[in-house]
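The values are calculated or read from the model by the stated rules, or taken from the named source; none is laboratory data. These numbers come from a predicted model, not from an experiment. Here the Cβ positions follow ideal geometry from the backbone for every residue, glycine too, while neighbour counts run over all protein chains shown.
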Ligand SMILES: Cc1cc2nc3c(=O)[nH]c(=O)nc-3n(C[C@H](O)[C@H](O)[C@H](O)COP(=O)(O)O)c2cc1C
């Protein structure tokens, strides 16, 4: 089986998970320079916005980077044309069926990984022709399935179900969790929350502080209509949880739409702060390249010692 680093064209088998509005070009480029695959998100972008974002990264790095496409976004097929023109070599798809996009990507010679929450959806993605899957467990920050299972349960099950490389996501933030992913049969990792606490991530310092101070159990999952979203269990999240069920979904959805603003204004109790369970386990803000290098070096040392 081809190695994930070879498929990605990177030094390390590490993907920066797409993170909506906070996948800023400086962070994407820093991950690439650090040996991983930086990745742009396309949520909220039109095709010209995507072209500008790609140009923004290219100003900062000559290394390859990836782009995440939202499978159910009607603009995604047109975005594939931009990716071909811009010679983007790797794409992850998420939030919907990968069937239509993966055939476009395959015809264009672009490597495609689909983000999956279950073994059955992993199998469907492989049947649609993807080169690999990202098995994302319920610990992860961002949108997830209503009954998401943990990374520890999901990854081995996906590994035994499909014959393509599996990249583990959800809760991976240090050498120990990196090693655990490989021990479960994953060939690579995708990380999100750990990179929110990088120097290059342009979220408000108060958001970074709230993530560093989070305690175990300091995140919660709210329903947002198309699934659920994991966020810090702050004042707003707790007040939404207390609402009657029928009101909760619509109010959570409205609050979620405003989440990008919270990353900028830093009002960490008035808005939703999207984050994974590992937020409280991260002790320091570091350059993104150092986060990746330490994770891989520590993880490989642990694996050698097992
Ligand atoms: C703030 C934030 C925004 C995210 N936005 C997206 C997105 O736009 N598209 C996507 O496929 N995944 C998104 N994710 C999920 C990440 O790509 C990644 O799979 C996840 O963060 C991995 O789990 P971890 O946070 O425990 O590392 C987001 C995650 C976070 C924390």
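Numbers below:
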item	result
Complete set of residues in the range 102-151 that are in a loop (DSSP other than H, G, I, E, B) and either farther than 19 Å from residue 180 by Cβ or without any contact (Cβ under 8 Å) to a residue 12 or more places away in the chain (or both)	108, 109, 110, 118, 128, 129, 130, 131, 145, 146, 147
Yes/no for residue 144 being closer than 28 Å to residue 252 by Cβ, surrounded by fewer than 24 Cβ atoms within 10 Å (Cβ to Cβ) and near the ligand (Cβ under 9 Å from one of its atoms)	yes
Residue in the range 263-272 that is within 13 Å of the ligand (Cβ to nearest atom) and part of a helix (DSSP H, G or I) present	yes
Verdict on residue 189 being modelled with pLDDT under 95 and within 14 Å of the ligand (Cβ to nearest atom)	no
Test for residue 195: is it in the same structural domain as residue 39 (by TED's automatic domain parsing), outside any loop (DSSP other than H, G, I, E, B), modelled with pLDDT of 95 or more and buried (at least 21 other Cβ atoms within 10 Å of the Cβ)	yes
The range 47-91, residues that are free of Cβ contacts under 8 Å to residues at least 12 places away in the same chain, part of a loop (DSSP other than H, G, I, E, B) and farther than 19 Å from residue 109 by Cβ	62, 74
Of the criteria (1) in contact with a strand residue (DSSP E or B) (Cβ under 8 Å, 6 or more places away or on another chain); (2) free of Cβ contacts under 8 Å to residues at least 60 places away in the same chain; (3) more than 16 Å from the ligand (Cβ to nearest atom), which one residue 37 fails	(3)
Search result, residues across the range 6-23 that are away from the ligand (no atom under 12 Å from the Cβ) and either touching a helix residue (DSSP H, G or I) at 6+ places or on another chain (Cβ under 9 Å) or outside any loop (DSSP other than H, G, I, E, B) (or both)	6, 7, 8, 10, 11, 12, 13
Considering residues of the range 90-107 that are more than 16 Å from the ligand (Cβ to nearest atom) and surrounded by fewer than 16 Cβ atoms within 10 Å (Cβ to Cβ) only, the residue farthest from residue 160 (Cα to Cα)	107
